[in-house]
Amino acid sequence: MTREGSAPPVRVATITVGTNEIRWLDRALGSLLASDTTGFELTVFYVDNASADGSVAHVISAFPGVRVIRNPRNLGFTGANNVGMRAALAEGFDHIFLVNPDTWTPPGLVRGLVEFAQRWPQYGVIGPLQYRYDPASTELTDFNDWTQVALYLGEQHTFAGDLLDHPSHVSATVRDRAPRTLEHAYVQGSALFVRAAVLCEVGLLDEVFHTYYEEVDLCRRARWAGWRVALLLDLGIQHKGGGGTAASAYSRIHMRRNRYYYLLTDVDWPPAKAARLAARWLFSDVRGRGVTGRTSAGVGARETFVALGWLARQAPVIRERRRRHRLLRARGTGVDRARERKETVRG
């Protein structure tokens, strides 16, 4: 209980989604439970995505302090995280930390994220840099592949690698900007710390994505609403993944279709410019030279046809998303709103 007149404690929920990933859970959940919680309250959620490897029974037995939510079927990364976030929001948590099972969280990481969020209320989505996963070590030594790419691209647009000039997502002003931050296009969903207020304002992850690009979309919506988004250069986490996408038909098709869906629901892109970029992607995809690596031309054409068929069926959804995104962008007033939010919180 809090003393009369004192502020209620900051409450943080971590959400880890697992799908037949029992081999990672001891280290991932154990490290979260061992976090330094000075100054805040921490609750660890595990959301199981219809695993068949005994993950649920293991977590219940080995980690009685973890809150377990069991999905009756695989809802994908997006849907399963939304299940956890809805539960956390319903219970009034202030911040939510999405963290993958193939991670190791340093003891001071969550505390560092909370302290940054408290000091810089204009930042709505933040995350640590990611380092290579080493089960035999707790050191943060070498950046993983995702971080190397993020540092190389810096604060350019999401599609900067496609060599089509387009303005960065980042605000043009540096006022109210925190030091030692990189306002990259997005914070990867494997280690994403978000304010509950952001989710209440812009919505949860878009479940149409199912897997891939959902966190990129969440970050752009947060920016449209006037929040800042950044990687914190002085905080880190070990993450086994975070590199290239696995070479499977599932990943290739989802990456293709979701990239087009993301572009078509982005109201910052003029139609003619978006069409040029989509045409460039299409030329590469049908030749088997897509975003996920190389395949044969036959495989590329077949998988692109599947992705485009799915995309065509989403036409009503795309129209509705564009309408909502225009409204969201119109309501956001960028740095002025962030500054007002900052002054309100500090006051």
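Counting only protein heavy atoms and using a 1.4 Å probe, what share of the accessible area of the chain belongs to carbon plus sulfur, as a whole percent? Of all accessible area on the chain, carbon and sulfur atoms account for 54 percent. When the chain is treated as a GNM with alpha-carbon contacts under 10 Å, the residue of Arg252, Arg195, Arg119 showing the greatest mean-square fluctuation is Arg119.
Full-extension gain between Ala315 and Arg331, please, as 0.36 nm times their residue separation minus the C-alpha to C-alpha distance. Spell out each step's value before the answer.
Details: separation 16, 0.36 × 16 = 5.76 nm, distance 2.47 nm.
So the extension gain works out to 3.3 nm.
Amide H to amide H, with H built 1.01 Å from N, Ser51 comes under 5 Å of Asn20, counting only residues 5 or more places away or on other chains. Here Glu214 sits with roughly 10 square angstrom of accessible surface, probe radius 1.4 Å.
Comparing Gly39, Gly300, Gly108 in a Gaussian network model of the chain (Cα springs below 10 Å), the most mobile by mean-square fluctuation is Gly39.
With both partners inside the chain, how many of the DSSP beta bridges are antiparallel, as a percent to the nearest 5? Intermediate values should be presented prior to the final figure.
Working: 14 of 41 bridges.
Beta bridges within the chain, antiparallel portion: roughly 35 percent.
Accessible surface comparison of Asp165, Asp48, probe 1.4 Å, protein chains only, largest first: the order is Asp165, Asp48. Placing a label point 7 Å from the Cα of Arg280 along the Cα-to-Cβ line, the residues of the stretch 289-317 whose backbone N sits under 16 Å from it are 289-292.
On a full-extension model of 0.36 nm per residue, what is the gain between Ser168 and Arg73, subtracting their alpha-carbon distance, rounded to one decimal in nm? If you can, show how the numbers build up before the last one.
Values: separation 95, 0.36 × 95 = 34.20 nm, distance 3.81 nm.
Between Ser168 and Arg73, full extension yields an extra 30.4 nm.
Measuring between their Cα centroids, the stretch 285-317 and the stretch 1-69 lie 38 Å from each other.
Per-residue Karplus couplings for the stretch 317-324, computed as 6.51 cos²θ - 1.76 cosθ + 1.60 with θ equal to phi - 60°, are listed in order as 5, 4, 4, 5, 4, 4, 4, 5 Hz, Gly and Pro entered as x.
Taking Cα pairs under 8 Å and at least six residues apart, what relative contact order does the chain come out at, in percent?
Details: 613 pairs, mean separation 61.4, N = 347.
RCO, the chain: 18 percent.
Computed 3J(HN,Hα) for the stretch 45-52, one whole-Hz value per residue from the Karplus formula 6.51 cos²θ - 1.76 cosθ + 1.60 where θ = phi - 60°, is 9, 10, 10, 8, 9, 6, 5, 10, glycine and proline marked x. Under the shape rule built on the C-alpha gyration tensor, where the axes satisfy a ≥ b ≥ c, the stretch 98-186 is oblate, since a/c reaches at least 1.5 while a/b does not exceed b/c.
If a/c stays under 1.5 just call it rounded; otherwise compare a/b with b/c (prolate if a/b is bigger, oblate if not). Do that for the stretch 10-55, with a ≥ b ≥ c from the square roots of the Cα gyration tensor eigenvalues. Because a/c hits 1.5 or more and a/b fails to exceed b/c, the stretch 10-55 counts as oblate. In the full protein context, the chain carries 45 Å² of accessible surface per residue, based on a 1.4 Å probe and ignoring ligands, DNA and RNA. Site pair Arg302 and Ala34 shows an inter-label distance of 4.7 nm when each label is modelled 7 Å from Cα along Cα→Cβ. Close amide H partners of Glu41, meaning residues 5 or more places away or on another chain with modelled amide H under 5 Å apart, are Val10, Arg11, Val12. Looking at the stretch 1-156 alone, DSSP beta bridges between its own residues are antiparallel in about 5 percent of cases. Using only the Cα atoms of the stretch 1-145, build the gyration tensor, take square roots of its eigenvalues as a ≥ b ≥ c, and label the shape rounded, prolate or oblate: rounded if a/c is under 1.5, else prolate if a/b is larger than b/c, else oblate. Oblate, since a/c reaches 1.5 and b/c is not below a/b.
The values are calculated or read from the model by the stated rules, or taken from the named source; none is laboratory data. Treat the numbers as computed from the prediction; the structure is a model and nothing was measured. All Cβ positions, even for glycine, are placed from backbone atoms using ideal geometry, and neighbour counts span all protein chains on display. Heavy atoms of the whole protein, side chains included, go into the accessibility calculation; ligands, DNA and RNA do not. Shrake-Rupley method; radii C 1.70, N 1.55, O 1.52, S 1.80 Å.
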